[in-house]
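Q: One structure coming up, written as structure tokens, with questions to follow.
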Amino acid sequence: MALRAGLDAPTGYALSFEWVEAVVRKDTTVLAHLEAAFARMRKPIAVRSSAIGEDSEEASFAGQHATILNVMTIDQLITAIDEVVHSALSLSAASYREKLGVVGSPSMGIVLQELFNPESAGVMFTRNPLNGAQERVIEAAWGLGEVVVAGLVIPDYYRLSPAGEILECRMGDKDIAMRLLPGGGTEEIEVPVDKANRRILDDDDLQNLHQMALRCETVYGPDLDTEWGLAADRLVLLQCRAITTRS
């Protein structure tokens, strides 16, 4: 949907629940099709969950289901799909489904996405998720955005008005970054002190994020929780879901 709307997002494939179940069963025909599709993708890739009922106005499973980054080989891909599927069976995911009244066993679809390797990344809420204020809230860290999502750093914090005016700019302590390993997988590295406390996003970057928010709202509607990456002046939309966290 993002690509059809002209948003800058990584290309890839969406695997249906039935396909994912067949991969887990190691169905030879489906595995052959998967290997052929994987061969056409630019490596590395990210393997992301897309369970039925996962992200809606009432529910967001961000952080509940696994995301596997830097997948380089077909064997790594099959293992990654298994891990994402089994993450839906964790106690925390089951507890969240029960809390929201999501009944039945999880039906896990999966997105295979060519991996964008950012210099910086983070999240952007098109409306303040804590108090509902009509403003953009942006958090940013160095490297892959998983350090923000997982709460491994104190990210930079920015607030913008609905017109894109800068309301607040607060530096964090981004002392950890996540980077890709040559053979697949990721590792956490220490960020030098002078860089850890440096402002990541300049005014132009914030305006570009504001424009991304406007385009996303045109496509998906208001009150969005997005993940983005930035490298060499290219701003990429990685994920987009409805905001479900409100005070």
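The values are calculated or read from the model by the stated rules, or taken from the named source; none is laboratory data. Just so you know, these numbers come straight off a predicted model, no measurement behind them. Counting neighbours? That spans all protein chains shown, and the Cβs are built from the backbone with ideal geometry, glycine included.
Q: Given the structure, is T186 of a type in the set (S, T, N, Q) and either more than 26 Å from T79 (Cα to Cα) or out of contact with any Lys or Arg (no Cβ under 7 Å at 6 or more places or on another chain) (or both)?
A: no
Q: Looking at segment 27-52, which of the residues that are touching a residue at least 12 places away in the same chain (Cβ under 8 Å) and of a type outside the set (A, V, I, L, M, F, W, C) is farthest from S87 (Cα to Cα)?
A: If we take residues in segment 27-52 being touching a residue at least 12 places away in the same chain (Cβ under 8 Å) and of a type outside the set (A, V, I, L, M, F, W, C), then R42 is farthest from S87 (Cα to Cα).
Q: Would you check which residues across segment 117-145 are of a type in the set (D, E) and without any contact (Cβ under 8 Å) to a residue 40 or more places away in the chain and list them?
A: Hits for segment 117-145 are E135, E139.
Q: Further question: Tell me, which residue of segment 192-219 that is over 16 Å from G122 (Cα atoms) and β-branched (V, I, T) is surrounded by the most Cβ atoms within 10 Å (Cβ to Cβ)?
A: So the residue we want is V219.
Q: Go through V47, V84, V137 for me and flag whichever is within 27 Å of L235 (Cβ to Cβ), modelled with pLDDT under 95 and surrounded by 21 or more Cβ atoms within 10 Å (Cβ to Cβ).
A: From the options V47, V84, V137, the qualifying one is V84.
Okay, residues lined up against (1) outside the structural domain of V153 (by TED's automatic domain parsing); (2) in contact (Cβ under 8 Å) with a residue 24 or more places away in the chain; (3) among the polar types (S, T, N, Q):
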site: P192; (1), (2), (3): no, no, no
site: N197; (1), (2), (3): no, yes, yes
site: L209; (1), (2), (3): no, yes, no
site: G221; (1), (2), (3): no, no, no
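Q: A follow-up question, please. Going by what's in this entry, would E168 be described as surrounded by fewer than 21 Cβ atoms within 10 Å (Cβ to Cβ), in contact with a strand residue (DSSP E or B) (Cβ under 7 Å, 6 or more places away or on another chain) and in contact (Cβ under 8 Å) with a residue 24 or more places away in the chain?
A: Against the criterion (surrounded by fewer than 21 Cβ atoms within 10 Å (Cβ to Cβ), in contact with a strand residue (DSSP E or B) (Cβ under 7 Å, 6 or more places away or on another chain) and in contact (Cβ under 8 Å) with a residue 24 or more places away in the chain), E168 does not qualify.
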